[in-house]
Amino acid sequence: MQEKHLSSQFDRELNQVSSHVLELGGMVEMQIRQAIHALAEFSAEVADQVEATERRVNALEIEIDHELTTIIARRQPTAIDLRLLLAISKTTTNLERVGDEADDTVAQHVAVGVVDGLEMIDVDEHHAQRMPVALRLCHGWPHHLVEVAAIVEIGERVARHAGARLLVEL
């Protein structure tokens, strides 16, 4: 923090705003960790936590903005004090934007991952229903060759899904 100001009330207000900015930074850091986890696991539950954190980040950003406006209106700071308050305002805005990006990214990609997983289950069930028909059509083929073909196709889809997941982790 900077040197002691002539007004101890102004120092208290700056300390309060600074602690709120640090709290906001911690919340955004937690949100990023949650977002990485949600993307890696395609977890809708963790994605919901990211969204809940986003709401808290937005509320705290509004509170900090209100505090800064009040300080500027009451104290009418100049020079270094005004530059400090403007820097805090820009920092707060940037932190909130980072949180928005984490939330937006999770909202877009986790939904796709969950849908892809559901599609794999649907396709697997569809293969199970088609298996008896395929066996009747291929009654001369050994039963295990038809099963192996279905398993290989499912394995390829799982491998593509795992590859996409690995890219997200990088």
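The values are calculated or read from the model by the stated rules, or taken from the named source; none is laboratory data. Predicted model, so just to flag it, every value in this text is computed and none were measured. Cβ sites come from the backbone with ideal geometry, for glycine too, and all protein chains shown count toward neighbours. Side chains included, ligands, DNA and RNA excluded: accessible areas come from the protein's heavy atoms. Shrake-Rupley method; radii C 1.70, N 1.55, O 1.52, S 1.80 Å.
Structure above, values below:
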item	result
Cβ-Cβ under 9 Å pairs, at least 6 apart or on other chains, the stretch 53-68 side surrounded by fewer than 15 Cβ atoms within 10 Å (Cβ to Cβ), far side among the charged types (D, E, K, R) and part of a helix (DSSP H, G or I)	Asn58/Glu96; Asn58/Asp100
The stretch 25-47: number of residues that are polar (S, T, N, Q) and assigned to a helix (DSSP H, G or I)	2
For Thr78: the one exception among (1) modelled with pLDDT of 95 or more; (2) open to solvent by 60 Å² or more (accessible area, probe 1.4 Å); (3) of a type outside the set (A, V, I, L, M, F, W, C)	(1)
Qualifying residue in the stretch 36-45 (condition: aliphatic (A, V, I, L, M) and over 20 Å from Arg97 (Cβ atoms))	yes
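To keep it simple, each residue is scored yes or no on (1) modelled with pLDDT of 90 or more; (2) of a type in the set (A, V, I, L, M); (3) in a helix (DSSP H, G or I).
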position: Gln49; (1), (2), (3): yes, no, yes
position: Ala59; (1), (2), (3): yes, yes, yes
position: Ile72; (1), (2), (3): yes, yes, yes
position: Ala87; (1), (2), (3): yes, yes, yes
position: Val110; (1), (2), (3): no, yes, yes
position: Val133; (1), (2), (3): no, yes, yes
position: Arg136; (1), (2), (3): no, no, yes
